[in-house]
Amino acid sequence: MLAEMGVRVWAPQPAAPAAAPEPRQPASSPVAAPAPVAAPAALRPPPPSRAPNPAPRPATPAPAPAVERSPRPSGIESMDWPALREAVANCQACGLCEKRKNTVFGTGSVQADWFIVGEAPGENEDLQGEPFVGAAGQLLDNMLRAVGRSRSGEGTQGVFISNVLKCRPPANRNPQPAEVAQCAPYLARQVALVQPTLIIAMGRFAVQSVLQTNEPIGKLRGQVHRYQGVPVIVTYHPAYLLRTPSDKAKAWADLCLAMETANTPLRR
């Protein structure tokens, strides 16, 4: 009623209930730390990269054992045909012996008037053990036939054919001076045994080895040279003529000079 009349009447308010006291931790037990909050995945640092295991290094191959080569046999200047052939077959005086299949000693009549000197065996010669086979050998046979000679003929109708080198250079590369020097005594002894009246040197390396010169074939053609007192005619190798047919006429002129020289009484 007093309130309706505008008279404020104070009345004591009920006290708020007191908050319950926090339980006290025993003195002997530690306070537990709050659990860490995980960072978002986008903010997490990338995991440390692990280097891949390095590939195992290949073992270094052991070096190939050195090939023990025998020196060139002595006494070549006094060997007969069987001894000379055996010396060539067993020769290990240079590195060409390591990859050869056959030595190429020579072929033809050992009493022939003409001695044909080529450069070095090729692949076919290495396989067959005979000089001038294949296309170059066929061309040489045709050239000899044109002057009435052949590798199977005797005396004035025969020839003996050999090379400066008796082993094939790898991949048919050019002969090296050291290789030519090792084979030179074999060729010299073959010429001494055949005792030809004429030598035909075919190709740059044959010409340079026989005549001991560095002059090109073009400057040495058309002349009569000497080797051990025997007349020497210089001409192109048949393999070169197969590549350059236009020079076949020059080779024929060289063969004509060879026949003229062979028929000259003072040819020696």
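Nothing in this text is a laboratory measurement; each read-out follows from the coordinates by a stated rule. A quick note: this is a predicted structure, and the numbers were derived from the prediction, not measured. Please note: Cβ atoms are built from the backbone with ideal geometry, for glycine as well, and neighbour counts cover all protein chains shown.
Relative contact order of segment 136-268: 22 percent, from C-alpha pairs under 8 Å at least 6 residues apart in sequence.
A simple spin-label model places pseudo-atoms 7 Å from Cα toward Cβ; at Ala249 and Gln92 they are separated by 5.3 nm.
Taking θ as phi - 60° and the Karplus parameters 6.51, -1.76 and 1.60, the scalar couplings of segment 195-204 work out to 6, x, 9, 7, 10, 10, 9, 10, x, 4 Hz in sequence order, x denoting glycine and proline. Taking the centroid of alpha carbons for each part, segment 103-146 and segment 174-219 are 14 Å apart. Amide H contacts of Gln92: Ser70, each under 5 Å away and 5 or more positions distant or on a separate chain (H built 1.01 Å from N in the peptide plane; Pro and chain starts excluded). Using θ = phi - 60° in the Karplus curve 6.51 cos²θ - 1.76 cosθ + 1.60, the 3J(HN,Hα) couplings for segment 116-130 round to 9, 10, x, 9, 7, x, x, 5, 5, 5, 5, 6, 9, x, 9 Hz; x is entered for Gly and Pro. Distant-in-sequence amide contacts of Tyr227, defined by a placed amide H-H separation under 5 Å and a gap of 5 or more residues or a different chain, comprise Val232. Dipole magnitude for segment 128-224: computed about the Cα centre from +1 point charges on Lys and Arg Cβ and -1 point charges on Asp and Glu Cβ, it is near 120 debye.
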